[in-house]
Amino acid sequence: MLYPQLDTPCVLIDEAILEANIRGFQAHCDEHGLRVRPHIKTHKLPWVAHKQLDAGASGITCQKVGEAEVFAAAGFDDILISYNIIGAAKLARLLALAGQVRSLAVVADSEAVLQGLSATFADSGRTLDVLVECDTGAGRCGVQSPQQAAQLAELVARLPGLRLRGLMTYPAAYSEAVVQQWFSRAAALCEQQGLALEVFSSGGTPSMWHAHEAPIVNEYRIGTYVYQDRSQVAAGACQQADCALTVMTTVVSVPVPGRVIVDAGSKALTSDLLGQDGYGQVVGYPQARVTGLSEEHGVLDFSGCSQAPVVGERLQIIPNHACPVSNLFDEVHFCRDGVLSRTETVQARGKVC
């Protein structure tokens, strides 16, 4: 039985693969003169983030104030929060956080966000670094044109309590040429206004090996690469052998031939499809399909396999999306060479605000 000392469902992370993923991308960025600022929302573990910094990362990226608070308390002192911070409660926490770290930056894509940041920091004796968030094609947050980016950058530079640091984007995958053109135009418009931009920040695991193809980018934010997952295999960012994280699960029923029920449902595997057929890949059974998830049951189709597991057997499933899985478990288990090496509490789990 796989790791009989562990109850299922649970998360297993291969420590050697994890370390290879960190080293591999850091080496790629070092070769091309890119700073790496890993996104901790994938793992939510200070222990893993320390490995990333030890490999050469320049700082970390968080998505929420709550995540940043956890990592600041763990000693991390260079943090970017890549999210619009709105509301008095969050702004008060942001100000307190600024007193705990050496370098804190946020992003903004509207005057409303900037006015809230400025009102919080103007009379505080502290200055907050701000990157203008740009929509270069992903269709999420961000100003919609280089002209708007330059206008918002000028406002950042004028508002008290704020310092303009640069531009940030979460681009569509494989759109380095678009990012290069977009950022270059925005930078030229800013230069015409006498505005200096220090950071041009982009990111995304699917096109990680193409990061250097937008030469203006000098910082790359990346999260999923540390574990990899089924969606990244499909995107061409990695091979299945590079997937460090699996959900270990037990077969609890085989009601009819070919239908296998496991104890990992939507509370363990995430219902994200991300364009995939089914909800994960069963390790060792390439023809098996994870066809359905309810809260506590996973339904696996083994009809295309020459052999099927029996009740009580343990399986490992590579999830479609590793990041939500980290937020579903209180703890994760690391192994090396088939031996359980450590268990870590997911310290930033549930920090959604």
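Every number here is computed from the coordinates shown, using simple stated rules; none is lab data. Keep in mind it's a predicted model, so treat the numbers as computed, not measured. We place every Cβ from the backbone using ideal geometry, glycine too, and count neighbours over all the protein chains shown.
Considering only Phe71, Ala119, Gly350, the residue lying farthest towards the positive end of the dipole of the chain is Ala119, judged by Cα position with unit charges set on Cβ. Under 5 Å from the amide H of Thr205 lie the amide H atoms of Gly223, Thr224, each residue being 5 or more positions distant or on a separate chain, with H modelled from the backbone and absent for Pro and chain starts. Cα centroids of the range 259-303 and the range 154-190: how far apart, whole angstrom? Here the two parts' Cα centres lie 40 Å apart. Dipole of the range 1-159 computed with +1 at Lys/Arg Cβ and -1 at Asp/Glu Cβ about the Cα centre; of Val36, Cys134, Met1, farthest Cα towards the positive end is Cys134. Close amide H pairs (under 5 Å, H built 1.01 Å from N) link Leu162 with Leu128, residues at least 5 positions away or on another chain. Straight-line reach from Lys64: taking Cα to Cα under 18 Å and skipping same-chain neighbours fewer than 8 places apart, the aspartates and glutamates in range are Asp77, Asp78, Asp109, Asp129, Glu133. Whole-Hz Karplus values for the range 108-113 come out as 8, 10, 7, 5, 4, 5 Hz, taken residue by residue from phi with 6.51 cos²θ - 1.76 cosθ + 1.60 and θ = phi - 60°; glycine and proline positions read x. Projecting the Cα atoms of Pro46, Ala188, Ser110 onto the dipole axis of the chain, where Lys and Arg carry +1 and Asp and Glu carry -1 at the beta carbon, places Ser110 farthest toward the positive end. When you count the other C-beta atoms within 10 angstrom of each residue and take the mean per peptide, 231-238, 131-138 line up highest first as 131-138, 231-238. Net charge dipole, the range 264-320: roughly 120 debye, given to the nearest 20, about the Cα centre with Cβ charges of +1 for Lys and Arg and -1 for Asp and Glu.
Radius of gyration (Cα atoms) of the range 32-226, expressed as a multiple of 2.2 N^0.38 Å: 0.96. For the range 24-32, 3J(HN,Hα) computed residue by residue from phi via the Karplus equation (6.51, -1.76, 1.60; θ = phi - 60°) reads x, 6, 4, 4, 4, 6, 4, 4, 9 Hz, glycine and proline entered as x.
Taken over the Cα atoms of the chain, the convex hull encloses 128 Å³ per residue.
Each Lys and Arg adds +1 at its Cβ and each Asp and Glu adds -1 at its Cβ; summed about the Cα centre, the chain shows a dipole of about 440 debye.
Counting other C-beta atoms within 10 Å, which of Ile81, Ile13 has the fewest, and how do the rest follow?
Values: Ile81 21, Ile13 25.
Going from least to most buried by this count: Ile81, Ile13.
Taken about its Cα centre, the range 93-204 carries a charge dipole of roughly 280 debye when the Cβ of each Lys and Arg holds +1 and the Cβ of each Asp and Glu holds -1.
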